[in-house]
Amino acid sequence: MNFLISKEPRWIQKWDEFLLKENRGSHLIYSQWLQSYASYGFDYEIFIVHESEEIIGGYGAVIAKSFFFKFYIVPHGPIVSAGQEDKLERILTQLSTQAKKHSCCYVQYSLPVSNELEIEPHVYSSQKLNTINLIGKGGNLFKYVYSNYGINWVAFNTTTSSDELLQQMSVQVRRNVNLSYKNAAEISFAKTEEECKLAYKVIEDNAKEAHYSVRAFEDFKATILELVAKERAYLLTAKIDGVIKGAGFAVNCGNHLTYISGGTKKEKPDLKLGYLLHWELIKKSYELGYKGYNISMGGSKGVMEFKAKFNTQTISFGTPHRHVIIKPIIFKLYLILNSIFVKNKKTISVLLKRFK
């Protein structure tokens with residue numbers, strides 16, 4: 001077993017290819033996703049574990065920085081392939097070592113742990129981790145790098161097509177999906193920069209109208225374009241009479257699609273395009289040979305109720321986040337200042353960009 005920290009293009013490519021096909025992989029540790037934090041002035045590194053240059057595990061870390069505070073955040077993992085769990089403890093011992101090298105005051109990681117059979121290939125079972133010394137205490141004390149805490153799973157079970165799955169959905173879902181098709185909605189996938197910009201504007205407009213935040217296209221553009229070009233993400237649009245009325249963004253990683261964000265234009269009568277966008281992503285999942293679709297955790301009460309209509313199983317990971325405080329005095333100072341000045345994600349984004 002060999003350890004390697006590298007941003008060499010050859011290894012970055014191997015890492016991203018590993019995550020795409022590794023069941024425990026997550027888009028949160030794709031190199032492109034980690035690089036997207038550069039707009040906040042953050043850095044990143046990738047820790048790779050390999051045997052004869054075949055990757056068997058590792059992690060991606062965001063090195064968050066603001067003023068003189070630095071944080072070492074692994075938003076998903078560390079991960080190892082099935083059967084390699086005995087390597088996990090040695091990888092965990094490296095987290096604090098690497099964080100100290102970067103003069104960080106805090107390190108955090110997020111293991112996908114669950115005993116739910118529906119998602120068994122994508123997680124560690126608690127039994128697998130019984131003999132492993134998990135460093136640190138439970139809890140997420142640094143919230144400005146999104147870290148994984150569960151899966152909102154639409155299981156395909158024994159169905160072999162989306163049409164077959166649709167018949168198992170409620171009358172409301174079937175009716176609204178079919179209504180969108182009857183309204184002659186044109187489905188397409190954005191490819192070019194201009195297409196992606198127009199599609200993402202619908203998502204930004206929807207967020208603004210509903211008073212929640214999403215990353216600005218200019219900040220996120222490079223990540224979107226690279227992932228879309230490599231078919232590691234899909235930016236789906238629904239058009240009526242050639243005008244974009246809805247858009248949804250999903251990332252392809254870990255042998256499943258994960259919904260990231262979306263939006264529709266509010267019109268009367270309601271064209272029910274939100275149902276259609278998710279259904280088209282489910283159809284894409286079948287096309288790719290996957291066993292389920294992660295419609296994603298979180299959202300307002302209304303959003304979560306909408307997602308639940310797709311027969312979701314909302315699965316929270318057991319103690320998803322663990323942390324080690326490396327420099328207690330500095331970290332306590334950060335907590336004090338954070339409680340005074342930081343009120344929401346939009347505020348922290350402005351501060352980080354100003355002081356990066």
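So the values come out like this:
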| quantity | calculated |
| --- | --- |
| Residues of the range 252-305 satisfying the condition of being over 15 Å from ALA199 (Cα atoms), modelled with pLDDT of 95 or more and β-branched (Val, Ile, Thr) | THR258, ILE282, ILE295 |
| Members of the range 265-321 that are free of Cβ contacts under 8 Å to residues at least 40 places away in the same chain, assigned to a loop (DSSP other than H, G, I, E, B) and at negative phi | GLU267, LYS268, PRO269, ASP270, LEU288 |
| Filter result for GLU118 (open to solvent by 50 Å² or more (accessible area, probe 1.4 Å) and closer than 30 Å to VAL214 by Cβ) | yes |
| Hits in the range 58-101 (condition: small (Gly, Ala, Ser) and either within 27 Å of LEU337 (Cα to Cα) or in contact with a Gly (Cβ under 8 Å, 6 or more places away or on another chain) (or both)) | GLY58, GLY60, ALA61, ALA64, SER66, GLY77, SER81, SER96, ALA99 |
| Hey, ILE55 part of a strand (DSSP E or B), in contact with a strand residue (DSSP E or B) (Cβ under 8 Å, 6 or more places away or on another chain) and β-branched (Val, Ile, Thr) or not | yes |
| Of all residues in the range 23-36 being in a helix (DSSP H, G or I) and of a type in the set (S, T, N, Q), the one that is most open to solvent (accessible area, probe 1.4 Å) | GLN35 |
| Residue within the range 189-199 that is of a type in the set (S, T, N, Q) and surrounded by 13 or more Cβ atoms within 10 Å (Cβ to Cβ) present | no |
| Total residues in the range 1-54, condition free of Cβ contacts under 8 Å to residues at least 24 places away in the same chain and among the small types (Gly, Ala, Ser) | 2 |
| Tally of residues being crowded, with 23+ Cβ neighbours inside 10 Å and assigned to a strand (DSSP E or B) across the range 68-77 | 5 |
| Residues (open to solvent by 10 Å² or more (accessible area, probe 1.4 Å) and not basic (Lys, Arg)) located in the range 99-115 | HIS102, SER103, VAL113, SER114, ASN115 |
| The range 209-257: number of residues that are under 30 Å from LYS182 (Cβ atoms) and of a type outside the set (A, V, I, L, M, F, W, C) | 12 |
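Residues are listed down the side, and each one gets a yes or a no for (1) open to solvent by 20 Å² or more (accessible area, probe 1.4 Å); (2) assigned to a helix (DSSP H, G or I); (3) of a type outside the set (Asp, Glu):
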{"position": "LEU4", "(1), (2), (3)": "yes, no, yes"}
{"position": "ARG10", "(1), (2), (3)": "yes, yes, yes"}
{"position": "GLN13", "(1), (2), (3)": "yes, yes, yes"}
{"position": "PHE18", "(1), (2), (3)": "yes, yes, yes"}
{"position": "ALA38", "(1), (2), (3)": "yes, yes, yes"}
{"position": "ILE48", "(1), (2), (3)": "no, no, yes"}
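A quick yes/no check of all residues on (1) open to solvent by less than 30 Å² (accessible area, probe 1.4 Å); (2) modelled with pLDDT of 95 or more:
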position: ILE56; (1), (2): yes, yes
position: SER66; (1), (2): yes, no
position: ILE79; (1), (2): yes, yes
position: SER96; (1), (2): yes, no
position: HIS122; (1), (2): yes, yes
position: ILE132; (1), (2): yes, no
position: GLY138; (1), (2): no, yes
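The values are calculated or read from the model by the stated rules, or taken from the named source; none is laboratory data. Just so it is clear, the model here is predicted, and its values are computed rather than measured. Backbone-built Cβ (ideal geometry, glycine too); neighbour counts: all protein chains shown. Surface areas here come from the heavy atoms of the whole protein model, side chains and all, with no ligands, DNA or RNA. Shrake-Rupley method; radii C 1.70, N 1.55, O 1.52, S 1.80 Å.
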